[in-house]
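Okay, structure first, notes after.
The values are calculated or read from the model by the stated rules, or taken from the named source; none is laboratory data. All values reported here derive from a predicted model rather than from experimental measurement. So basically every Cβ, Gly included, is an ideal-geometry build from the backbone, and we count neighbours across all protein chains shown.
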Amino acid sequence: MYVAVKGGERAIDNAHAWLAEERRGDLGVAEMSIAQIREQLALAVARVMAEGSLYDPDLAALAIKQARGDLIEAVFLIRAYRTTLPRFGASLPVETDKMACDRRISATFKDLPGGQILGPTFDYTHRLLDFALAAEGLAPAPAPQAAAAPDRLPHVTDFLAREDLIQPEADGSATPRDLTREPLDFPADRPLRLQALTRGDEGFVLSMAYSTQRGYGRNHPFVGELRIGRVDVEMDIPELGFAIELGEVVLTECETVNQFMGSKTEPPQFTRGYGLVFGQSERKAISMALVDRAMRWEELGEDNVGAPAQDQEFVLYHSDNVQATGFLEHIKLPHYVDFQSELELIRRLRAEAAASQTQEAAE
Amino acid sequence: MNAYNFAYLDEQTKRMIRRAILKGVAVPGYQVPFASREMPMPYGWGTGGVQVTAACLVPEDRLKVIDQGADDTTNAVSIRKFFQKTAQVAVTEKTGEATIIQTRHRIPEQAMTEDQILVYQVPIPEPLRFLEPSEVETRKMHALEDYGLMHVKLYEDIARHGEIATAYAYPVKVEGRYVMDPSPIPKFDNPKLESSALQLFGAGREQRIYAVPPYTRVVSLDFEDHPFDPSKAPHPCALCGAEDSYLDEVITDDAGSRMFVCSDTDYCASRREDAA
Amino acid sequence: MTTPQLDGGFANLSHDAAHAFRAALQAMARPGRIEMLALARPPAPCSQAAGALILTLCDSTTPLYLAPSHDQPGLREWITFHTSAPIVRPEAAMFALGTWDALSPVDRFAIGTSAYPDRAATLIVEMTSLATKGASLRGPGIKDRAQLSLPEIAAFQDNRRRFPLGFDCYFTCGDRLAGLPRGAIVEG
């Protein structure tokens with residue numbers, strides 16, 4: 001006698017208990033602390049903060065620990081937490097001119113005021129596994145110190161703007177719409193697109209950007225400037241009548257300078273793509289700038305060549321990895337009711353096809 | 001769990017969802033955009049339904065949650081537990097005792113009553129999406145009541161297969177105006193969309209809410225010479241003998257023997273209780 | 001809490017709002033049905049039912065129009081304190097509160113757009129009486145026919161002609177509440 005499967009609840013509890021065991025791993029190996037993750041897996045922490053849209057290195061580290069290192073799962077944990085947080089207000093726009101830069105490079109000028117600052121980059125490391133790192137307890141030799149960069153490092157695009165060679169970007173005083181508080185509709189303006197890109201999946205945004213480089217909506221980018229460092233976050237307090245500093249965040253900012261031969265509406269000039277991401281995340285910031293530029297085709301009067309990166313619906317609807325992974329993985333949930341109806345349909349269509357073949361053969 | 005508000009969502013979020021639900025009720029079948037929140041369960045696993053249910057629940061409610069018609073499927077168990085924890089509501093597996101039923105992929109066999117609300121989890125709310133991927137374009141089609149694309153698709157099905165080859169998520173027209181996706185219920189369930197209960201549909205990832213008020217006309221799309229046929233497997237239930245219920249096919253041994261049983265577990269169980 | 005404009009809100013915010021919404025939902029889903037809604041005590045001339053609707057549905061994101069019948073300092077303060085809803089002119093309103101005469105002409109209110117018919121106003125119409133008699137109603141939410149004491153007929157027939165565009169209405173009287181969505185077919 002067939003008995004329908006019961007006990008879903010117990011199965012779930014048992015699965016969770018097993019998961020907790022697996023998360024901890026071998027008890028003979030020391031447990032990782034949140035501080036260790038925050039300090040030693042800082043780029044993973046940065047990615048989780050960026051895609052989770054919440055700047056909190058300790059929470060991001062906790063999420064990474066809880067997610068067993070699955071960064072998309074960690075992003076999801078952060079997002080679900082973020083959505084329950086009350087909002088007290090909005091900060092003033094951060095001033096990246098005043099960034100205390102750890103890294104600042106320009107590909108468009110050999111040298112520039114403030115200089116090129118290489119900073120803590122993998123760029124020129126030879127990718128050879130460093131077996132010395134496998135031996136624990138060795139502190140690195142201290143890196144040489146230089147005088148701090150000046151308080152204000154001008155943006156490279158400012159120099160081009162002085163000559164009127166680059167498209168000016170208007171200062172917007174309006175409060176941008178909030179992607180996480182209003183439903184997305186189209187056409188989406190640039191602030192919304194940038195919000196979607198900065199929290200978009202790094203892999204997706206990278207691939208979209210790469211596709212523009214390979215010819216699907218090519219927009220000839222130069223990295224005008226890439227900078228990484230700390231900026232102050234300030235908020236106006238109406239009761240006080242002035243802004244107070246809430247703290248500081250590490251950001252990566254990329255401005256691309258793109259060739260532009262002009263259109264019916266715009267003179268020949270350089271144009272910009274913009275990327276701004278939480279934490280040290282330059283792959284993401286550069287990718288974001290390229291995709292941002294690709295989606296600006298309409299306002300610049302360029303042709304839509306049908307490239308995926310030019311299609312804002314395509315990019316914005318598919319860049320979010322929490323949405324994507326949820327929907328993708330939901331197909332492992334039971335679908336047997338729908339499958340049954342398909343099964344019956346296919347059987348019926350096959351029976352009809354077979355019957356008509358038999359009839360044809362008979363005729 | 002008391003760190004969270006009643007039914008998990010904060011009041012501002014609930015107000016936003018409630019406003020969307022009311023506009024959905026006012027324009028039956030029209031998909032109202034809403035600022036869906038990240039929920040503590042994945043997109044695609046019922047976040048839309050959960051948000052709608054959370055916005056509708058009162059402490060006195062008695063909630064039933066089904067997936068594939070069954071109360072004991074793991075995701076139904078998980079969602080039911082979520083509301084027990086966050087809203088402290090009573091739960092039931094009895095269709096007749098529930099005041100709100102959240103469902104994925106089925107409409108209960110037992111007729112719903114005036115006092116009940118049925119909340120559907122919806123993966124892709126746009127019935128035209130697989131014919132036209134752009135939201136801008138499909139929104140235009142709904143605005144212009146231009147459903148030519150859908151009729152062409154159904155007609156091509158008939159030309160190729162002799163029948164409309166859609167077995168679930170079978171499109172309907174609501175009150176003579178909007179073409180609507182009834183969520184991936186088997187087409188067997190489509191006639192039950194005309195109900196005395198209020199039906200609400202939530203798509204979290206796609207940020208849409210829509211509604212079918214009680215006694216609203218809901219017509220499955222078809223052609224005069226190929227009328228809609230809500231067919232099901234031609235068997236009675238092997239457990240309760242019902243001939244009028246939607247059946248799951250269960251493979252019972254390695255040789256591929258199979259049996260057909262009710263997908264609505266409460267319907268099947270209460271029939272067997274009545275018979276005993 | 002003795003300042004009048006601060007009193008009379010929901011005693012239990014989430015539970016009262018849940019009950020009030022459920023009443024509002026049933027009223028809109030079943031035109032001709034009267035729900036009881038006595039959870040709020042707004043300043044005069046606002047009814048209990050209308051007050052509860054405003055507390056349940058309005059906040060800083062929902063511009064509200066107060067028709068002359070209801071544009072009074074005490075009520076304004078109460079609404080602002082409890083909801084932060086900006087008080088606006090009729091054309092910009094998502095919600096509007098007043099007697100039918102004070103709200104008229106009702107063609108000033110947003111009826112949505114063909115792409116977004118949801119971007120339409122909801123009118124909360126204060127009545128001196130509210131009963132299931134009078135105008136005859138058909139349409140979604142109604143089994144066969146229902147009756148409701150509407151303030152007039154023609155305006156609702158005009159509203160129905162624009163479907164799926166149109167405004168939606170609540171009618172309130174003391175602790176009584178009824179709804180009339182734009183799709184209702186109203187006959188004399």
- So which helices (runs of 4 or more DSSP H) stay within the range B:47-150 end to end and still have 3 or more residues that are within 14 Å of chain C (Cβ to nearest Cβ) and over 27 Å from residue C:117 (Cβ atoms)? B:74-87
- Find the residue count for the range A:331-363, including only residues that are more than 7 Å from chain B (Cβ to nearest Cβ) and surrounded by 15 or more Cβ atoms within 10 Å (Cβ to Cβ). 3
- If you go through the range A:312-330 one residue at a time, do you hit one that is more than 21 Å from the chain's Cα centre (by Cα) and within 10 Å of another protein chain (Cβ to nearest Cβ)? yes
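Answer with yes or no whether residue C:187 is more than 12 Å from every other protein chain (Cβ to nearest Cβ) and surrounded by 15 or more Cβ atoms within 10 Å (Cβ to Cβ).
Numbers: more than 12 Å from every other protein chain (Cβ to nearest Cβ): yes; surrounded by 15 or more Cβ atoms within 10 Å (Cβ to Cβ): no.
It is false that residue C:187 is more than 12 Å from every other protein chain (Cβ to nearest Cβ) and surrounded by 15 or more Cβ atoms within 10 Å (Cβ to Cβ).
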- Are there any pairs, at least 6 apart or on different chains, whose C-beta atoms fall under 6 Å, with the first in the range C:15-38 and over 17 Å from residue C:140 (Cβ atoms) and the second hydroxyl-bearing (Ser, Thr, Tyr), and if so, which? C:17/C:56; C:20/C:56; C:21/C:56
- Task: For the range A:219-227, indicate whether the set of residues that are touching an Asp or Glu at 6+ places or on another chain (Cβ under 6 Å) and either in the same structural domain as residue A:72 (by TED's automatic domain parsing) or acidic (Asp, Glu) (or both) is non-empty.
- Result: yes
- Task: Tell me which residues, restricted to the range B:55-76, are in contact with a Gly (Cβ under 6 Å, 6 or more places away or on another chain) and in contact (Cβ under 8 Å) with a residue 12 or more places away in the chain.
- Result: B:72
- Message: So in the range B:6-18, with the set limited to residues that are without any contact (Cβ under 8 Å) to a residue 12 or more places away in the chain and within 7 Å of chain C (Cβ to nearest Cβ), which one is nearest to residue C:164 (Cα to Cα)?
- Response: B:15
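Out of A:294, A:289, A:309, I need the residue that is away from chain B (no Cβ under 12 Å), under 30 Å from residue A:123 (Cα atoms), surrounded by 16 or more Cβ atoms within 10 Å (Cβ to Cβ) and in contact with a Phe, Trp or Tyr (Cβ under 6 Å, 6 or more places away or on another chain). Which one? Talk me through it step by step, then tell me what you get.
Numbers: A:294 fails: in contact with a Phe, Trp or Tyr (Cβ under 6 Å, 6 or more places away or on another chain); A:309 fails: in contact with a Phe, Trp or Tyr (Cβ under 6 Å, 6 or more places away or on another chain).
Just a single option satisfies the conditions, and that option is A:289.
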- Any residue in the range B:224-236 that is within 14 Å of chain C (Cβ to nearest Cβ), farther than 22 Å from residue A:344 by Cα and not in a helix (DSSP H, G or I)? no
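Scanning for something touching a strand residue (DSSP E or B) at 6+ places or on another chain (Cβ under 8 Å) and in a loop (DSSP other than H, G, I, E, B), does the range B:154-166 turn up at least one residue?
Restricting attention to the range B:154-166, the residues satisfying the condition of being touching a strand residue (DSSP E or B) at 6+ places or on another chain (Cβ under 8 Å) are B:154-155, B:158, B:163-164.
Keeping just the survivors that are in a loop (DSSP other than H, G, I, E, B) gives B:163-164.
Within the range B:154-166 (the criterion being touching a strand residue (DSSP E or B) at 6+ places or on another chain (Cβ under 8 Å) and in a loop (DSSP other than H, G, I, E, B)), the answer is yes, since at least one residue qualifies.
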- Hits in the range A:86-114 (condition: within 14 Å of chain B (Cβ to nearest Cβ) and within 24 Å of residue A:230 (Cα to Cα)): A:87, A:88
- Note on the structure: From the option list C:131, C:155, C:115, single residue qualifying as closer than 29 Å to residue C:39 by Cβ, outside any strand (DSSP E or B) and not polar (S, T, N, Q) is C:131
- Item | Count of residues meeting criterion [buried (at least 21 other Cβ atoms within 10 Å of the Cβ), over 19 Å from residue B:58 (Cα atoms) and facing chain B (nearest Cβ under 10 Å)] in the range C:11-57 | 1
- Message: Exactly one condition in (1) surrounded by fewer than 24 Cβ atoms within 10 Å (Cβ to Cβ); (2) over 15 Å from the mean Cα position of the chain (by Cα); (3) part of a helix (DSSP H, G or I) is false for residue B:268; which is it?
- Response: (1)
- Message: Can you say whether residue A:83 is touching a residue at least 24 places away in the same chain (Cβ under 8 Å) and hydroxyl-bearing (Ser, Thr, Tyr), as far as the supplied structure shows?
- Response: yes
- Task: Report yes if residue B:34 is modelled with pLDDT under 95 and either facing another protein chain (nearest Cβ under 9 Å) or more than 22 Å from residue B:183 (Cβ to Cβ) (or both), otherwise no.
- Result: no
- Task: For residue A:136, work out the one condition from (1) of a type in the set (Asp, Glu); (2) buried (at least 16 other Cβ atoms within 10 Å of the Cβ); (3) outside the structural domain of residue A:313 (by TED's automatic domain parsing) it doesn't fulfil.
- Result: (2)
- Scan C:172, C:113 and give me the residue that is closer than 28 Å to residue B:210 by Cα, in contact (Cβ under 8 Å) with a residue 24 or more places away in the chain and surrounded by fewer than 22 Cβ atoms within 10 Å (Cβ to Cβ). C:113
- Message: So for the range A:208-225 (the condition being within 16 Å of residue A:285 (Cβ to Cβ), within 15 Å of the chain's Cα centre (by Cα), modelled with pLDDT of 95 or more and within 14 Å of another protein chain (Cβ to nearest Cβ)), does at least one residue qualify?
- Response: no
- Task: Within the range A:106-131, count every residue that is surrounded by 13 or more Cβ atoms within 10 Å (Cβ to Cβ) and within 21 Å of the chain's Cα centre (by Cα).
- Result: 1
- Considering (1) closer than 24 Å to residue A:282 by Cα; (2) within 13 Å of chain B (Cβ to nearest Cβ), say which one residue A:47 fails and leave the rest. (2)
- Query: Inside the range B:85-98, can you point out the residues that are touching a strand residue (DSSP E or B) at 6+ places or on another chain (Cβ under 9 Å) and over 11 Å from residue B:65 (Cα atoms)?
  - Reply: B:85, B:86, B:87, B:89, B:90, B:97
- Picking from B:215, B:267, which residue would you name as being closer than 21 Å to residue B:117 by Cα, of a type outside the set (A, V, I, L, M, F, W, C) and more than 9 Å from every other protein chain (Cβ to nearest Cβ)? B:267
